[in-house]
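Below: one structure, written as C-alpha cells.
The values are calculated or read from the model by the stated rules, or taken from the named source; none is laboratory data. Worth saying up front: this structure is predicted, and the values here are computed from it rather than measured. Cβ coordinates were reconstructed from backbone atoms using ideal geometry, including for glycine residues, and neighbour counts include every protein chain displayed.
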Amino acid sequence: MAVAAASSSSARAHIGCTTVATLAQDWAERRPAQVAMRQKHHGVWREATWGEVWDEVMAAAHGLLALDVEVGDRVAIQSLDRTEWVVMDLAASAIRAVTVGLYPANPIAEVEYTLADCGPRVLVAEDQEQVDKVLDGGVAGAALEKIIYIEDRGLARYSDERLISWEAFLELGRRHQA
C-alpha cells in the first residue's frame with residue numbers, strides 16, 4: 001500500500017517504475033477536479049472527477065487490505081464495464097494484487113473453470129446473475145473468501161457469509177484507512 005499512500009513521485013522512486021495506479025494518482029494530484037469518468041445511471045450521465053475516483057480507489061485498496069489480500073493474490077471482477085470495475089482494478093494494482101477479468105456473459109462452466117484455475121481470494125460480481133453463477137455453480141473453493149456485489153437487487157435473502165455489498169466494502173476500506 002506504500003505506493004498508494006506515498007506521493008506519486010516518491011512512490012515511483014520507491015518502486016522504480018510507473019504503474020497504472022501511480023498514473024491515476026498523478027492525475028488525482030494534478031487535476032483533482034477534472035472529469036475522469038462518466039457513467040449512465042438510470043439514463044442520466046454521472047461524472048466522477050479524478051479526485052473522487054482516487055478517493056474511491058484508496059477506499060477499495062484499503063478494503064482489500066482489510067480482507068487480508070496480499071501481494072500476488074488474485075482479485076476477480078465479473079462485470080460489464082463500469083466505474084467499480086476500474087476502481088477495483090486500480091485498487092488491486094495499488095496493493096500489487098492481480099486482477100482477473102471475467103466476462104459477465106460467460107456460462108457457469110467457464111466461470112467455474114476460470115475461478116478454479118486462478119484461485120481468487122475476492123470476487124467482485126456485478127449483480128445477482130453473476131453471484132448466482134458462483135454460488136449455483138459450486139465454485140465455493142477454499143480460496144474465494146469474499147464476494148463483493150455491486151447491485152443488490154435480488155440479493156436481500158442470500159445468506160452466504162462471503163457476500164458483502166460494494167458500499168459496505170468501501171466503508172470497511174475507509175475504516176481501515178483511518
- request: Return only the number of the condition from (1) loosely packed, with under 14 Cβ neighbours inside 10 Å; (2) out of contact with any Gly (no Cβ under 9 Å at 6 or more places or on another chain); (3) modelled with pLDDT under 95 that Asp152 does not satisfy.
  value: (1)
- request: Considering each of Asp89, Asp81, Asp68, Asp55 in turn, give the residue that is modelled with pLDDT of 95 or more, acidic (Asp, Glu) and over 19 Å from Gln25 (Cβ atoms).
  value: Asp68
task: Determine if the range 95-102 includes at least one residue that is touching a strand residue (DSSP E or B) at 6+ places or on another chain (Cβ under 8 Å) and among the basic types (Lys, Arg).
output: no
message: Here's a check for you: in the range 144-178, which residue that is part of a helix (DSSP H, G or I) and basic (Lys, Arg) is nearest to Glu84 (Cα to Cα)?
response: Arg174
